[in-house]
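> Dropping a structure here in structure tokens format, bear with me for questions.
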Amino acid sequence: MLPLVYEELRKLAVVRMGNEKAGQTLQPTALVHEAWLKIAGEGGDHFANRRHFFQSAAGAMQQILIDIARRKQRLVRGIKITEYCDQNQLPTQERLRLFILVCQAIQHAHQKGIIHRDIKPSNILVTLHDGVPVPKVIDFGIAKATQQELTDKTVFTQFQQFIGTPAYISPEQAEMSGLDIDTRADIYSLGVLLYELLVGQTPFDAREMMQGGLDALRQIIREKEPLRPSTKLNTLQGEARTTAGKRRHTDVGKLVHQLQGDLDWIVMKCLEKDRTRRYDTANGLAMDIQRHLANEPVIARPSSQFYRFRNWHGEIRLRSRQRLRLQWCSCWGSW
């Protein structure tokens with residue numbers, strides 16, 4: 001690179017970086033080098049004149065700075081809750097505790113009169129505070145937009161009426177019948193998120209839902225009953241089955257056993273087509289999960305004497321183990 005050209009590029013880099021503290025991320029010299037590699041890779045003989053060359057260099061620098069900003073933003077904002085759980089191979093109980101925090105955040109929003117309407121993993125980001133994972137709910141409320149192509153991202157109709165994200169939207173959102181959308185639509189979406197955290201897949205595959213177009217998508221959401229999480233897990237084959245167990249730090253057989261019963265019922269209550277049969281609040285959902293973790297009867301399951309006895313017996317066994325552990329620790333400390 002000619003010295004005069006380099007010097008002009010360096011001045012351009014300083015201008016492009018503006019007031020940013022470049023020394024903390026990228027020096028002007030490094031930006032010039034990156035931009036040169038970028039435009040040289042496109043071919044050095046395609047520039048019409050000197051002005052065209054520097055315009056291309058300025059564009060390359062701007063794109064590099066944008067990419068750096070996006071990477072920094074991702075580090076600050078955290079990662080999707082599903083990715084965090086899978087990368088750290090969190091077992092079921094830890095996933096449930098993290099999900100309870102999400103429910104509490106949604107409950108707080110509902111108390112402020114805000115309905116999210118687009119709960120999904122990419123809108124639940126996990127950051128670490130002193131080594132403790134903390135989920136953060138982002139993107140409350142959906143602004144109007146025009147998007148003709150049906151994708152697995154947030155979808156709108158040509159009339160700019162909100163639908164949502166296909167795999168996560170509630171039947172009443174898909175209906176678009178003029179029925180008011182209330183907080184129970186978020187309960188449905190929370191149920192889909194919980195389903196994915198437990199199984200690794202959503203109740204309905206997003207690609208299959210979109211293959212038949214908008215009408216078929218609505219019909220699936222309104223009419224098709226999802227498999228229970230434990231049943232869905234049992235249908236997985238090959239690598240998908242192995243991966244599901246590995247990412248939850250157990251084997252699939254044990255995982256199926258963990259989901260059968262309470263967790264199946266809790267998830268399916270969230271996914272009821274009739275919203276009056278779902279949990280009334282996000283806090284109610286969180287409390288039922290806490291009951292499950294404490295071996296207490298959950299309200300999602302139909303009442304029966306056997307079920308109450310099973311949970312009472314499990315609670316007694318848990319308390320007995322805790323007492324024995326305390327006694328053992330006391331004896332050990334007295335030696």
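The values are calculated or read from the model by the stated rules, or taken from the named source; none is laboratory data. Predicted model, so just to flag it, every value in this text is computed and none were measured. All Cβ positions, glycine included, derive from the backbone under ideal geometry; neighbour counts span all protein chains shown.
> What's the number of the condition Leu255 fails, among (1) of a type in the set (A, V, I, L, M, F, W, C); (2) outside any helix (DSSP H, G or I); (3) under 18 Å from Pro203 (Cα atoms)?
(2)
> Would you confirm, using the coordinates I've provided, whether Leu233 is farther than 25 Å from Asp280 by Cβ, in contact (Cβ under 8 Å) with a residue 12 or more places away in the chain and part of a helix (DSSP H, G or I)? Walk me through how you get there before you give the answer.
Values: farther than 25 Å from Asp280 by Cβ: yes; in contact (Cβ under 8 Å) with a residue 12 or more places away in the chain: yes; part of a helix (DSSP H, G or I): yes.
Answer is yes for this residue.
> Which residue is farthest from Ile169 (Cα to Cα), if the candidates are limited to segment 204-226 and must be surrounded by 11 or more Cβ atoms within 10 Å (Cβ to Cβ) and among the acidic types (Asp, Glu)?
Ranking the qualifying residues of segment 204-226, first place goes to Glu208.
> Of all the residues that make up segment 155-190, how many are on the phi < 0 side of the Ramachandran plot and either modelled with pLDDT under 60 or of a type in the set (Phe, Trp, Tyr) (or both)?
The initial filter retains those residues of segment 155-190 that are on the phi < 0 side of the Ramachandran plot, namely 155-159, 161-163, 165-175, 177, 179-190.
Retained after the next criterion (residues that are either modelled with pLDDT under 60 or of a type in the set (Phe, Trp, Tyr) (or both)): 155-159, 161-163, 168, 188.
Here the count works out to 10.
> In the set Phe140, Phe99, which member is at pLDDT 95 or above and closer than 23 Å to Ile169 by Cα?
Just one listed residue meets the conditions, Phe99.
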